Amino acid sequence: MKINFLESTSILKKFFIFNFLAFSFLGIFTLLYLNAIKPNLIKTKSAQHLKVIKNTSDHIRRLKVNFNQKEATEFLLSTRFLFQNLDRVQLFDVNSKLIADTVTLDLDLTSFSRKLNITETLIDEYKLENIQDDEKKELQKVDLEKTVEIKKYLNQNTVQEPLTFDEMINNNFYVITINNVTISNKVEGYIIVSELANDILIAVEERKNFILRTVFAVAIAIFIFSIFLDRFILGPIRQLVSYTKAIKAQDKTKSKLEDFLRRKDELGQLSRSLNEMTQNLYKRISIAETFSSDLAHEIRNPLTSLKGASEILDNTNDPDKRKKLLKIINHDVERIERLITDYSQMLKDEASLSRTKMKKINLLNVIDSVVDDFNNNFLNSKKKLKIYVSTSSLNGLKPNVLGVENRLEQILANVLDNAVSFSPDGGKIEVLCNANKSKVQLSIIDEGPGFNETNINQIFSRFYSNRPEKFGEHSGLGLNIVKNIIELHGGTIQASNRNAAKKGAKIDIFFPLYNS
């Protein structure tokens, strides 16, 4: 199967590729935008030119001005208010001869004002006026009629659409618009409006420089972010990958996360979670190895007894001895079967619990369900016992825990079953439920003989059983299974005897309180 290139590339490379594509995409649109700025600005100026040309043509038709030098010059002088915002207006006759030019008339903008105001001029403004005067002098030197586009337009002598074009002349940028003047559908002459438009080039250059500065700033930001990404995110992730590979290769020299475990950010949380998962995995492997070794040891005893009984059985003809030996063989076989069955069931329970999603459970519902089942069974049995439930210590708190309901029921049922087996006839068993801000405590108290072990908590060890009168009938895994399930729920279990005034045993189970 072919692997997609991007799927097999590192995140940093993907980041650079994505940004390169984004920059390329934006670059294309930027070029299109820059190419569109100049035509749009020219179009704006052309619209102004066409408006002036139209007004001028209307005045020429209304005043019936003949296209000769005298009348055209007088017309420009009389209608100079039309050209206040333009650099130059020229009139040509039908033979392409220049008959009037605003530049030669020396039309100063102040001549269009009725009133002259004396204003204070700053040095910079004075310099700017001088620059503008220099540009006007440059404009006076330009013979527009020699421009190729204008020559073509003037030589056609037919009614045409207006023509607008731009041209660099003497290192200056001009926008030029030309249109014919028609009277009675006959071309009588031409009007050319030209304007020095270096401001368009400046506007385009400013936008171009702004975009380049922006691109440069964004590129620097991306570069800095890339360094941050690699240093603080991708680098640690690569080390975490190396850590997992070292665990797989069982190379403990490389499987260290001390630097990341101290971090307070998300990578620190991931590292701690990964470390806890690894430790739990090692713990499970160690438990499995120890459990297998213990199981082999426990099976060896009945196997030895079974082998000895079978050898004696083969060498005796006494019916009573043979009957006794067969009973021993049957007992040992049942014990081996019970050990294997309980061990297999325990492994299945652990595997099932690790795959099952835990949810919020009110422990009172579990207690009521299990206790009701036991009390109903006692009604039909010869052992007159009664199980009482007390929740007076909850103080309004709900004993919610995060867990699997049937496994919580299994925990309580196994502990109650153990308490029932040691309780005297007519006795009682108490189930107490208590809670505080962080923990839920479940206590099971019976009236049996209590524990006589020096170290009471060894009752939770695998294959431990202190029932000499019922030797071999229990695998010794019941309380150990309970302990494992409780620990998988994040809880603990401990055993103790009641005070000297009252006989009996007490089992305390603690679960973390679940408030979410």
Residues of region 76-102 that turn out to be of a type outside the set (A, V, I, L, M, F, W, C) and assigned to a strand (DSSP E or B), as a count: 4
Given (1) modelled with pLDDT under 85; (2) surrounded by 15 or more Cβ atoms within 10 Å (Cβ to Cβ), number of the condition Val52 does not satisfy: (1)
Residues located in region 489-516, provided they are in contact with a helix residue (DSSP H, G or I) (Cβ under 8 Å, 6 or more places away or on another chain), open to solvent by less than 60 Å² (accessible area, probe 1.4 Å) and outside any loop (DSSP other than H, G, I, E, B): Ile493, Ala495, Ser496, Ala505, Ile507, Ile509, Phe511
In the list Ser438, Ser496, Ser516, Ser461, which residue meets the criterion of being modelled with pLDDT of 80 or more, small (Gly, Ala, Ser) and under 26 Å from Thr356 (Cα atoms)? Ser438
Every listed condition ((1) open to solvent by less than 50 Å² (accessible area, probe 1.4 Å); (2) under 30 Å from Ile485 (Cα atoms); (3) in contact with a helix residue (DSSP H, G or I) (Cβ under 9 Å, 6 or more places away or on another chain); (4) at pLDDT below 75) holds for Arg284 save (1)
At pLDDT below 80, of a type in the set (A, V, I, L, M) and surrounded by 14 or more Cβ atoms within 10 Å (Cβ to Cβ), is that true of Met346? yes
Restricting to region 422-460, count the residues that are of a type in the set (Val, Ile, Thr) and open to solvent by 70 Å² or more (accessible area, probe 1.4 Å). 1
Has region 391-400 got at least one residue that is buried (at least 18 other Cβ atoms within 10 Å of the Cβ) and closer than 18 Å to Gly490 by Cβ? yes
Could you list all residues from region 380-426 that are in a strand (DSSP E or B) and not polar (S, T, N, Q)? Lys386, Ile387, Tyr388, Val389, Val401, Leu402, Gly403
Would you check if Ile411 is in contact with a Phe, Trp or Tyr (Cβ under 8 Å, 6 or more places away or on another chain), over 30 Å from Ile329 (Cβ atoms), buried (at least 20 other Cβ atoms within 10 Å of the Cβ) and at pLDDT 85 or above? no
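The values are calculated or read from the model by the stated rules, or taken from the named source; none is laboratory data. These numbers come from a predicted model, not from an experiment. So basically every Cβ, Gly included, is an ideal-geometry build from the backbone, and we count neighbours across all protein chains shown. These area figures cover heavy atoms from the full protein model, side chains too; ligands, DNA and RNA do not enter into them. Shrake-Rupley method; radii C 1.70, N 1.55, O 1.52, S 1.80 Å.
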